[in-house]
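Asker: Quick one: the structure is below, questions incoming.
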Amino acid sequence: MAEYRIDDLARAAGTTVRNVRVYQDRELLPPPRRQGRTAIYSDAHLVRLRLIINMLERGYAFAQIKEMISAWESGRSLGDVLGLEEVVGESWAEEAPRAVTATELRRMFGKQFSPGNVKRAMELGLLERRGRGFVSQSPQLLDAGAELVSLGVPLGEVLDLAEQLQQDIDHVAGHLVEMVRRHVLTRPVPTEEEVPYYSDVLQRLRPLVMSALNAAAARSAARVIPEVLGDRLIEMVAGSEEHAKRA
């Protein structure tokens, strides 16, 4: 489970430190854990903060949000509520973010490490600015992009591919969410069993989704890549035969 200082929490949720303190003062956000004089927040706080922001954007007032949150928490312990929110907020990534300097990125991408490409990568969420350097939320994607560039693929097209991949995965995820909503989340569950039930569903979904996506990607790559290389080999053989005839 990740830990955040208040400025990190605000940045992760796309809001300000001032707003975080306001939500906390209005008792919409549970108090943080204290480590000396430092307030430490968890993934549960991040999920709650995003929920608050979402409801505010939908036009709900602070009083209405507090009433709805209180109603949901009614009959449940704070530990149960935060436990479910922690499960919701847990990262599905099997890798940790990695700090990377501009020098490292320049070494990886050469002259294609340009302001325009950096801006595009940040818009796609592949890089985040941290001081003079950056943080890659997915080092595996960063390394894969660098490898494609080293093979001769322009960085702009690599970023296009990353955007398309995200859209395709979002589409698949949308189907999954709808399927789970229709067949799993509509099942009647006694109130006292709701929190453990939903926590169990989320914990079982995580490895299931990752295994299915990895297996599908592997099957697709095993089918498509040999076809592409096979087409190129046929072109090479045909070109050699044509050259031999002319000779």
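The values are calculated or read from the model by the stated rules, or taken from the named source; none is laboratory data. Quick caveat, the model's predicted, so the values are computed rather than measured. Backbone-built Cβ (ideal geometry, glycine too); neighbour counts: all protein chains shown. For accessibility, only protein heavy atoms count, side chains too; no ligands or nucleic acids. Shrake-Rupley method; radii C 1.70, N 1.55, O 1.52, S 1.80 Å.
Asker: Across region 11-40, which residue is nearest to Arg130 (Cα to Cα) among those that are under 19 Å from the mean Cα position of the chain (by Cα) and in contact (Cβ under 8 Å) with a residue 24 or more places away in the chain? I'd like the intermediate steps shown before the answer.
Answerer: Our first condition is that a residue be under 19 Å from the mean Cα position of the chain (by Cα); within region 11-40, this holds for 11-15.
Filter again for in contact (Cβ under 8 Å) with a residue 24 or more places away in the chain, leaving 12-15.
Values: Ala12: 12, Ala13: 16, Gly14: 15, Thr15: 16 Å.
The selected residue is Ala12.
Asker: Output yes when any residue across region 221-234 is modelled with pLDDT of 75 or more, within 21 Å of Asp170 (Cβ to Cβ) and assigned to a helix (DSSP H, G or I), and no when none is.
Answerer: no
Asker: Let me ask another. Given region 113-214, what helices (runs of 4 or more DSSP H) lie entirely inside it while holding 3 or more residues that are of a type in the set (Lys, Arg), modelled with pLDDT of 90 or more and more than 30 Å from Val100 (Cα to Cα)? Please lay out each step first, then the result.
Answerer: Numbers: elements: 115-123, 139-151, 155-183.
Once the helices (runs of 4 or more DSSP H) in region 113-214 are filtered for at least 3 residues that are of a type in the set (Lys, Arg), modelled with pLDDT of 90 or more and more than 30 Å from Val100 (Cα to Cα), nothing remains.
Asker: Determine whether region 125-147 contains at least one residue that is open to solvent by 50 Å² or more (accessible area, probe 1.4 Å) and among the hydroxyl-bearing types (Ser, Thr, Tyr).
Answerer: No: zero hits.
Asker: Is at least one residue of region 149-163 of a type in the set (A, V, I, L, M), under 22 Å from the mean Cα position of the chain (by Cα) and open to solvent by 50 Å² or more (accessible area, probe 1.4 Å)? Steps first, please.
Answerer: At the first step, the residues of region 149-163 found to be of a type in the set (A, V, I, L, M) are 149, 151, 153, 155, 158-159, 161-162.
Applying the additional criterion that residues be under 22 Å from the mean Cα position of the chain (by Cα) yields 155, 158-159, 161-162.
When the remaining residues are screened for being open to solvent by 50 Å² or more (accessible area, probe 1.4 Å), the result is 161.
Checked against the condition, which is being of a type in the set (A, V, I, L, M), under 22 Å from the mean Cα position of the chain (by Cα) and open to solvent by 50 Å² or more (accessible area, probe 1.4 Å), region 149-163 yields at least one hit.
Asker: On the given criteria, is Gly75 on the phi > 0 side of the Ramachandran plot, out of contact with any Pro (no Cβ under 8 Å at 6 or more places or on another chain) and either modelled with pLDDT under 60 or not assigned by TED's automatic domain parsing to the domain that holds Leu213 (or both)?
Answerer: On the way: on the phi > 0 side of the Ramachandran plot: yes; out of contact with any Pro (no Cβ under 8 Å at 6 or more places or on another chain): yes; either modelled with pLDDT under 60 or not assigned by TED's automatic domain parsing to the domain that holds Leu213 (or both): yes.
Here the answer is yes, as Gly75 does meet what is asked.
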